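What follows is one structure encoded as structure tokens, with my remarks underneath.
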Amino acid sequence: MLRSLYTAATGMTAQQHQIDVTSNNIANVNTIGFKKDRAEFQDLMYETLNYTAGKTSQTTFNPTGLDVGLGVRVSGVQKSFTEGDLKNTGNDLDMAIEGKGFFQILLPSGETAYTRNGAFKVDNEGTLVNGSGYRLQPEIVIPSTYTDVSIALDGTVTALDPATGTTQDLGQITLTDFINPAGLKPLGDSLFQESDASGDPIEGNATEDAFGSIRQSMVESSNVALVNEMVDLITAQRAYEANSKSITTADDMLDIINRLKN
């Protein structure tokens with residue numbers, strides 16, 4: 001019965017983690033470029049009370065053995081990089097990636113981060129930056145006098161120079177991908193950083209080499225399906241209650257044993 005107390009406790013801990021992950025998904029249902037998480041679990045070690053294939057006689061063996069599990073643990077949190085819905089914003093500087101790829105962002109530390117959040121703006125120098133003021137890489141500078149900014153599907157940025165009446169090429173936005181995007185390290189602010197698990201970044205132009213295309217005046221919504229998250233939340237709550245009931249039951253049985261002396 002003491003075994004059941006500790007086993008049920010691991011179940012409650014695991015379901016609490018499931019609720020934490022689901023709650024974070026729900027909280028970010030309207031966050032641009034957010035990618036949902038999925039908690040994954042593994043059973044713990046088993047206590048062997050009777051070995052499988054143990055002898056039951058000189059010529060026969062136990063066909064199954066007797067193993068008792070000791071609970072569950074969280075094995076990891078998997079980030080899902082399925083594409084979210086694209087939403088039209090009407091802002092010329094907003095961009096969404098339709099297909100594979102990440103925008104490159106230069107952090108204040110000098111390191112490079114990666115994002116699917118394409119809600120860009122210009123700073124006081126006319127450089128494209130994200131909502132935190134971190135610059136898009138390669139840098140794109142839009143002079144204040146230029147109008148009619150256009151971003152092609154392949155990331156080519158052009159704008160109209162009113163002084164000459166000609167269209168000027170302002171640069172090329174490149175995309176980056178990884179062999180294992182789920183291995184990227186989340187930094188918050190919809191930013192990710194490469195890790196040993198993700199592999200090295202692979203840079204290329206949009207629409208080429210399996211990279212997606214860039215859609216101007218659009219952003220990528222969160223890929224969280226609210227209905228599914230609510231179902232997961234209810235399931236985790238019921239599982240938590242069931243584990244707590246196991247603890248209550250084991251406690252009641254221990255109480256009965258203690259009262260046998262009386």
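The values are calculated or read from the model by the stated rules, or taken from the named source; none is laboratory data. Everything numeric in this text was worked out from a predicted model, so none of it was measured. Here the Cβ is made from the backbone with ideal geometry for all residues, glycine too, and neighbour counts use every protein chain on show.
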* To do: Mind counting the residues in segment 61-106 that are touching a residue at least 60 places away in the same chain (Cβ under 8 Å) and not in a strand (DSSP E or B)?
  => 15
* Asked: List the pairs whose first member sits in segment 226-238 and is under 11 Å from V29 (Cβ atoms), whose second member is assigned to a helix (DSSP H, G or I), and whose Cβ atoms are under 8 Å apart, counting only residues at least 6 apart or on separate chains?
  -> L226/I26; E229/T22; E229/N25; E229/I26; M230/I26
* Taking segment 186-203 on its own, how many of its residues are out of contact with any helix residue (DSSP H, G or I) (no Cβ under 9 Å at 6 or more places or on another chain) and more than 19 Å from L128 (Cβ to Cβ)? -> 7
* Structure fact -> N228 passes all but one of the listed conditions (1) touching a helix residue (DSSP H, G or I) at 6+ places or on another chain (Cβ under 8 Å); (2) outside the structural domain of T115 (by TED's automatic domain parsing); the exception is number (1)
* All but one of (1) buried (at least 16 other Cβ atoms within 10 Å of the Cβ); (2) at positive phi hold for G90, so report the exception by its number. => (1)
